[in-house]
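The values are calculated or read from the model by the stated rules, or taken from the named source; none is laboratory data. These numbers come from a predicted model, not from an experiment. Cβ placement follows ideal geometry from the backbone for every residue including glycine, while neighbour counts extend to all protein chains displayed. When the accessible area is computed, the model is the full protein with side chains, heavy atoms only, and any ligands, DNA or RNA have been set aside. Shrake-Rupley method; radii C 1.70, N 1.55, O 1.52, S 1.80 Å.
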Amino acid sequence: MAPSRRSRPNGLARTAMLNARPQTHARKPPSLTSYQSHRHNSTAFGDDQVSTHGSDQSSHAPFPQSSLFHMPSGPDAFHPIRAMAERVGDEVEAYAAEVDNWRRRNLGIEDMADFRTHTTIFAKELQRAAKESLAKLRKRSSIKPQNFTKTFRNRLNEVGSETPMRADTSHDDDIFETGEENIKKWTEEASTWDLFCGLLSIQYPSANDMGMEQARRVYTDMIGAHSAYVPEADIWSSFVLQNDSAREKSIVLRWLQNAAGGEMDVETLSDHVEEMNNKRKPWANCWLHTREKLKDRKRMTGVEHVLPETVSPPIRNASGTANLTTQMDPDAPMRQNAVLEKNDAYGDHVVWLVTFEMIRRGVSVATVRQWFKERQAEWLGASIGRANAQNALTVVRGLGTGSLFRRTAYATARYSATDEYERAVYGLLSGDIDTVEPVCRTWDDLLYTHYNAILVAQFENHLRHYYPDRAVDLSAFEYFDALQLYPNSESANKKVIQRLKTHQSTSAQAKLPMKRIQAAIIEDNFVSLMVELGAAVAQQSNGEHGKKSKLVPPTEIQADESVLVVCRDINALRTVVHMYLMLRLVAQYDPSQQDLMDNVIISYMDVLRLAGRYEALPLYAAHLRPDRAEMVLGSLLMDIVDPEEQRRMIVVMEQNGINPHGVCSEIAKAAVEESRLVPGTRPPINVFQILEPRDDEESWPGASIRSGLVRAPHTAEEENMIRSVEWFVHLPGQWTSTFEACTLTMVAFLLDGRINGAIEMVNRLNCKSLSVKKTTEIIGYAMDVMEDPEPNDEHPIRIRLTANLDRADSNGGIVIAKRQAIIKIMKRQAKLYYQLTQLVYAVKALHESSVAEREGRETPLNMRDIVHRYNGFIAKSFPILQACMEPLFHDFLVVEPKDPFAKFVAQIRNAYIPEIILAYNSAIYVAGYSLDKDCLLAALELPRLIVKKTLKQQTPQETLKRLDVIKKLWAAKRKQQTAVVTREEAELLERKYQDNTLQQAFVDTQRTGELVEALAKTSRLLLQLNQDEDEADEKAGRKRKRRSGGHEKRPRGWKGETTDIWDVGRTS
């Protein structure tokens, strides 16, 4: 009894497989119908809600680019990946639903036998789904499955041709006559699933499945006891049971017969041949044209009996190229080395061609003989042997259980037959190869020929071994033994497939996508195909146009990139991916190559993304390593912008055991990397230019806010970065992660001077709206932690937290904490983003102030007219500017040195703060001149605010330590002892002041002198306005009296309160 050729995966591979299975939540995943994509129109949000969409953005970005392969841009640009994505249909949902069902069936299963059982069910369901898709496609199409293929038509037309026609080796080979390639592709896909399901249990048997072993024992016992009386049908069955290789070959041959036959039965085949011959029956002419020539010779010579084999002069055919046969028995042409008339030869050719096609399609010998009988050609039916037993693939009746017939058929094929299809018919019946190969036009034909020969030879060997009492001496007969060509049954499959790759008629077809997959299945080398595909994807993704892929890292394994044809055919790619999902659980492979093979899954996910089938992506990502699944989804889901769709996708990820927080982090990271604005990877701006120099010192203090400070709209890459952060809005909890992502994006914008993107982000993701939404999920009610007063609530709450308030982490414990303590932590974590938004608000307010000023100056009027006619513009904008500037003067952008953003915050501070304060001074100058001189008083406060220092706040831990030191000192004083204080304790007692970031920004940028000069000019304007006011009062005759005595008030100039001092050194 032959042992099973497959064993269970080794321990290392099985461990890797089990570890790769996704960790899932306790909730039961719903069916795929809950994942379906429903596009929603964007809705407006109020001020306290989070707007996660742009006003001019659609659900998905148009014409997305492949994440793996370079694609030309534009809607009309052709690329095979884009073309393949456009062919993706509703079958994606059907396949994805089966993947989901299979994954749910495997939840909690550890036994490998159960995995195999569910895998077999999964394979059958996908086989059914492929056939249903094919049936629906045929139903919608006008195509008839009985139509001839190109190969069959070529065979009918070959008679009389000097060069045999070869099958079309393009991708459209064997396409139906109507030219519907889609039906042909689906036919191949359904056929490939038939092959896979047929060989799955043989190539990867279950160790716990004893059904086959029991059947083998029963047949072995029966044969040993009654070998002389075993029915012929049971002989074939026992042969298949005893030999795994024979069982595999018989399954492949049955598959090839079904693939060739389809729905075309014998009668349909005959009818179509007659239709192609103008309703004539080519097998019914009985050599009519040749017989007429022989009758003419008899009439001319007066001969009434059969003509002799040699006549003089010889009878020539109609074309005069050869001698006609002089007799009408079937062997005459061969015996006389003569020919028939062309029409008669064509009739013979069609008869043998149809016979070959019937045998090739698995039509039983009894049916073939009946077909000949109905066409008055019983002698041909008798010549192909007695009817074979049911399910037998060769004749098993007659002397030696068909052995004598096979040798007779071999002799006929080699020495008697004249037509090539006649030789091929007897070659198939005898198990020969050389006489059949000349008529093989397709990959399937040649594979059938070799497997048929191997199976017949194995059957002959089986008869000699198990039925010696039935054997007869046939040593005198010549016979071809295919086991001499393929002695090792284990390597026979690989040798046959290699033959198909190099044979002249099939080498081109062997490179087609489905043929590559079928070859890998047959030679049991699917893992090698996946490794080669994964390596080719890696090479293409990292080498084409200098592009480097983050999803698919480069590999040192060299692969033939021609194998990428599989990844560029949606039917082939879909097939190979779903087969791999199953085989990775039961096949033996090197765990270190799993990432390489997973590249093919990512390639399929990329096509689904291009086709807009986002809801299926988490289903396939769940089969990747968890960290890689997060990274891949982070790159592929960036196109989703609709808030409802983002929320639904987060739910789908959770249901498939994928951490949504990790995916959202990868989305934000990918967006920043794609924009090439990663902080620290490119030099930041030295200064964000807000001011432009002005010569008119009466209107400005030497500089004014430049026009076009903020230009709309923001760029596409800025939009992508904002979208990536909007994903965090939909995560429950995740306070820290949300504000870290927002901070990172805002820092990237500001370091590169992208104020338009920063303003758009503040409009859509302001700190207040984020806080209101997240606090509801974390502490139970909505509040703005940065501006609302802290609640006087000492009541402890029960909440799921991690160290950083990320509630969605299922590993976080349940803790009891006071709301005040939680809010303080949240406030500290949101502070940096809040202050960066205040910086953006200040820049925006400066821009609006500049716009108001310019609108007031549009009419060529003097400044006094502007005050009266256009003061509304400045009066409206200046209070807003003051309110936006106020937060900048109170502990602004103060971070700990160990903070990861500390370096970037210092760069932002130096680039923006000096320019903002100088621009603020310019706005004060304009407001004071245009509205009221009291506006200039704000400039007098600037020096104090800039140099002001505040006490450094201590952390709660430092405060407790400081109290302990104070208690220690008081205890020593009561005891009249000297307290010993360490240096660390002494530092805790010191009143430390924080570094003044505003002053330091001017020092670092060496702009202190510029600040002093600007403030001096503003102060001069204030004195000038006061002096002008006094002079106006004197001219009007209004005298001010002193409060005591009513004496006349002296002009301000008597105490030096005059602007004349600024004129020192000037010439009159």
For the list (1) part of a loop (DSSP other than H, G, I, E, B); (2) among the hydrophobic types (A, V, I, L, M, F, W, C); (3) farther than 19 Å from Ala96 by Cβ, I need the number of the one condition that Ile640 fails. (3)
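Quick test for you: out of Asp598, Asp606, pick the one residue that is open to solvent by less than 10 Å² (accessible area, probe 1.4 Å) and more than 10 Å from the chain's Cα centre (by Cα). Break it down into steps so the answer makes sense when it comes.
Details: Asp606 fails: more than 10 Å from the chain's Cα centre (by Cα).
Of the residues listed, the single one that is open to solvent by less than 10 Å² (accessible area, probe 1.4 Å) and more than 10 Å from the chain's Cα centre (by Cα) is Asp598.
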Every residue from the range 879-901 that is modelled with pLDDT of 85 or more and under 18 Å from Val1003 (Cα atoms): Leu888, Phe889, Phe892, Leu893
Is there any pair with a first residue in the range 926-949 that is farther than 14 Å from Glu886 by Cα and in contact (Cβ under 8 Å) with a residue 40 or more places away in the chain and a second that is among the aromatic types (Phe, Trp, Tyr) and open to solvent by less than 50 Å² (accessible area, probe 1.4 Å) whose Cβ atoms are under 6 Å apart and which are 6 or more apart or on different chains, and what are they? Ala927/Phe878
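Going through the range 879-898 one residue at a time, which ones are charged (D, E, K, R) and free of Cβ contacts under 8 Å to residues at least 24 places away in the same chain?
The first filter runs over the range 879-898 and keeps only residues charged (D, E, K, R), leaving 886, 891, 896, 898.
Of everything in the range 879-898, those that are charged (D, E, K, R) and free of Cβ contacts under 8 Å to residues at least 24 places away in the same chain turn out to be Glu886, Glu896, Lys898.
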Spot the failing condition for Val586; the list is (1) modelled with pLDDT of 90 or more; (2) open to solvent by less than 10 Å² (accessible area, probe 1.4 Å), and only one is missed. (1)
Being closer than 17 Å to Thr743 by Cα, among the basic types (Lys, Arg) and not in a helix (DSSP H, G or I) narrows Lys903, Lys898 down to just Lys898
So is Leu564 more than 22 Å from Ser724 (Cβ to Cβ), open to solvent by less than 10 Å² (accessible area, probe 1.4 Å) and at pLDDT 90 or above or not? no
Out of (1) under 15 Å from Thr997 (Cα atoms); (2) at pLDDT 70 or above; (3) not in a helix (DSSP H, G or I), the one Lys949 does not meet is (2)
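If a residue must be of a type in the set (A, V, I, L, M, F, W, C) and either open to solvent by 10 Å² or more (accessible area, probe 1.4 Å) or free of Cβ contacts under 8 Å to residues at least 12 places away in the same chain (or both), how many such residues does the range 748-766 contain?
Going residue by residue through the range 748-766, those that are of a type in the set (A, V, I, L, M, F, W, C) are 748-751, 755, 758-759, 761-762, 765.
With the extra rule that they be either open to solvent by 10 Å² or more (accessible area, probe 1.4 Å) or free of Cβ contacts under 8 Å to residues at least 12 places away in the same chain (or both), the set shrinks to 751, 759.
Here the count works out to 2.
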Checking Thr745 against (1) under 18 Å from Phe901 (Cα atoms); (2) of a type in the set (Ser, Thr, Tyr); (3) surrounded by fewer than 22 Cβ atoms within 10 Å (Cβ to Cβ): exactly one of these is not met. Which one? (3)
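Of the residues that make up the range 713-722, is at least one touching an Asp or Glu at 6+ places or on another chain (Cβ under 9 Å) and under 28 Å from Gly780 (Cα atoms)? I'd like the intermediate steps shown before the answer.
Just the residues of the range 713-722 that are touching an Asp or Glu at 6+ places or on another chain (Cβ under 9 Å), to begin with: 713-714, 717-722.
Next cut, under 28 Å from Gly780 (Cα atoms) only: 722.
Looking for residues that are touching an Asp or Glu at 6+ places or on another chain (Cβ under 9 Å) and under 28 Å from Gly780 (Cα atoms), one finds at least one in the range 713-722, hence yes.
So which of Lys279, Lys249, Lys293 ends up being open to solvent by 60 Å² or more (accessible area, probe 1.4 Å) and either at pLDDT 85 or above or part of a helix (DSSP H, G or I) (or both)? Walk me through how you get there before you give the answer.
On the way: Lys279 fails: either at pLDDT 85 or above or part of a helix (DSSP H, G or I) (or both); Lys249 fails: open to solvent by 60 Å² or more (accessible area, probe 1.4 Å).
The match here is Lys293.
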Hey, can you tell me all the residues within the range 506-553 that are open to solvent by less than 10 Å² (accessible area, probe 1.4 Å), at pLDDT below 90 and not aliphatic (A, V, I, L, M)? Ser541
Number of positions in the range 644-676 that are more than 17 Å from Ile722 (Cα to Cα), among the β-branched types (Val, Ile, Thr) and part of a helix (DSSP H, G or I): 3
Looking at Ile874, Ile797 in this structure, which one is touching a Leu at 6+ places or on another chain (Cβ under 9 Å), modelled with pLDDT under 85 and not small (Gly, Ala, Ser)? Ile874
Specify the residue that is surrounded by the fewest Cβ atoms within 10 Å (Cβ to Cβ); the eligible residues are those in the range 411-435 that are under 14 Å from Asp481 (Cα atoms) and among the acidic types (Asp, Glu). Asp434
Helices (runs of 4 or more DSSP H) wholly inside the range 468-579 that include at least 2 residues being over 30 Å from Val92 (Cβ atoms): 482-485, 489-502
For the range 623-635, state whether one or more residues are at pLDDT 90 or above, over 12 Å from the mean Cα position of the chain (by Cα) and under 20 Å from Glu98 (Cα atoms). yes
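If you take the residues in the range 719-739 that are charged (D, E, K, R) and open to solvent by less than 10 Å² (accessible area, probe 1.4 Å), which one is nearest to Lys773 (Cα to Cα)?
Initially, the range 719-739 is screened for residues charged (D, E, K, R), giving 719, 723, 726.
When the remaining residues are screened for being open to solvent by less than 10 Å² (accessible area, probe 1.4 Å), the result is 719, 726.
On the way: Glu719: 22, Glu726: 13 Å.
Within the range 719-739, the match that is nearest to Lys773 (Cα to Cα) is Glu726.
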Which of the residues belonging to the range 304-347 are among the charged types (D, E, K, R), closer than 24 Å to Gly427 by Cβ, in contact with a helix residue (DSSP H, G or I) (Cβ under 8 Å, 6 or more places away or on another chain) and open to solvent by 50 Å² or more (accessible area, probe 1.4 Å)? Asp331
